[in-house]
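What follows is a single structure, written as structure tokens, with notes after it.
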Amino acid sequence: MTKQNQPRATEERFDTLHHMVTEELITRLEGKPETADLKAAMDWLRHNGINAPATTRSPLGTLAGLIPDLDIELVQERSHGAKALV
């Protein structure tokens, strides 16, 4: 049987795979995660439609508060010189 003729996996198999990937990511994040682990977890959450509001007292809110406000004109000037503002 060729690859194209093989039957698709059942929904139960996909659920099992989903659970296994989620558990593996949790295990990695509970240890000493590397940048790739964090990126994989973020991608997994995004692809599964998981998001959260950045409330003031949440870790996500704290992280968002650490990002400075950007002055777009200043960024353009420093990146491309004053002529970019024209």
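Bear in mind these aren't lab numbers, they're just calculated from the coordinates by the rules spelled out. Quantities reported herein were computed from a predicted structural model and do not represent experimental measurements. Note that we place each Cβ from the backbone using ideal geometry, even for glycine, and neighbour counts take in every protein chain shown.
Beta carbons closer than 6 Å, at least 6 apart along the sequence or on distinct chains, pair a first residue in the stretch 33-60 that is part of a loop (DSSP other than H, G, I, E, B) with a second that is of a type in the set (A, V, I, L, M) for 52/60; 54/60; 54/64.
The condition of being surrounded by fewer than 11 Cβ atoms within 10 Å (Cβ to Cβ) and not polar (S, T, N, Q) holds for only one of 45, 66, 29, 25, that being 66.
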